[in-house]
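Before any comments, here is the structure.
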Amino acid sequence: MMENIAKGFEVVGVAVLVLGGLAALVRSVVRRETGRSLYKEIRRDFGHSLLLGLEILVAADIVKTVAVETSIESVVILGILVLVRTLLSLSLDAEIDGVLPWRRRELELAEAAAGIEPRISDGN
């Protein structure tokens with residue numbers, strides 16, 4: 001049963017990646033803002049889908065390792081996968097927003113104090 005749950009997480013993770021990419025394309029074309037390039041819009045929106053998909057795939061790996069393949073080798077592989085995906089997530093997050101995740105709040109506060117519209121948005 002846990003193997004099927006892990007596979008379900010994997011399917012959802014891949015679906016998030018594929019559908020997120022398509023949604024990013026459609027959303028960016030439909031609500032294209034003047035002054036912003038279509039590439040940057042798609043890249044930002046798809047980046048958010050990539051981050052969510054990675055998180056779901058990490059969850060699938062955790063379920064698979066803990067509930068299905070409990071061996072020292074699988075735990076080491078899980079650790080490496082989580083480390084690589086975490087580093088990838090951090091770099092994607094920084095690339096999308098143009099600021100390191102732990103500096104985001106500081107930048108938002110500085111922009112608000114200066115009366116500048118925040119350049120980092122949650123996509124809404």
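Please treat every number below as a calculation from the coordinates, not as lab data. Here the structure is a predicted model, which means the values were calculated and not measured. Using ideal geometry, Cβ is built from the backbone for each residue, glycine included, and neighbour counts are taken over all protein chains shown.
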- Helix-derived mean residue ellipticity, 222 nm - over the chain, DSSP H n ≥ 4, -39500 (n - 2.57), to 500: -25500 deg cm²/dmol
- Message: Which of 67, 23, 114 ends up with the largest GNM mean-square fluctuation for the chain, with Cα atoms connected below 10 Å?
- Response: 114
- What does the convex hull of the Cα atoms come to per residue for segment 1-73, in Å³? 72
- Using the charge dipole of the chain (Lys, Arg: +1 at Cβ; Asp, Glu: -1 at Cβ; taken about the Cα centre), state which of 8, 39, 91 has its Cα farthest towards the positive end. 39
- Query: Anyone know which of 62, 80, 96 comes out most mobile in the 10 Å Cα GNM of the chain?
  - Reply: 80
- With only Lys, Arg, Asp and Glu charged, each at its Cβ (+1 for the first two, -1 for the last two), find how big the charge dipole of the chain is about the Cα centre; round to the nearest 20 debye. 400
- Task: Take every Cα-Cα distance within segment 70-116, group them into 10 Å bins from 0 onward, and report for each bin the whole-number percent of pairs it holds.
- Result: 25, 30, 21, 15, 7, 2
- Comparing 61, 45, 97, which has the greatest mean-square fluctuation in the GNM of the chain with Cα pairs linked when under 10 Å apart? 97
- Message: Explain nothing, just the number: dipole magnitude of segment 56-108 about its Cα centre with +1 on each Lys and Arg Cβ and -1 on each Asp and Glu Cβ, in debye rounded to the nearest 20.
- Response: 80
- Query: Pairing the Cα long axis of helix 2-30 with the longest principal axis of the chain, what angle in degrees results, from 0 to 90 and rounded to the nearest 10?
  - Reply: 20
- Can you tell me the 0 to 90 degree angle between the C-alpha axis of helix 72-97 and the longest principal axis of the chain, rounded to 10? 10
- What residue among 72, 22, 58 has its Cα farthest toward the positive end of the dipole of segment 1-100, where the charges are +1 on Lys, Arg and -1 on Asp, Glu, each on the Cβ? 22
- Cα axis of helix 38-63 to longest principal axis of the chain: angle in degrees, 0 to 90, nearest 10? 20
- Query: If contacts are Cα pairs under 8 angstrom and at least 6 residues apart, what is the relative contact order of the chain in percent?
  - Reply: 27
- Task: Read through the labelled values (1) 17.8, 55; (2) 17.8, 52; (3) 27.3, 91 and report the label of the one computed as Rg and Dmax of the Cα atoms in Å from the structure.
- Result: (1)
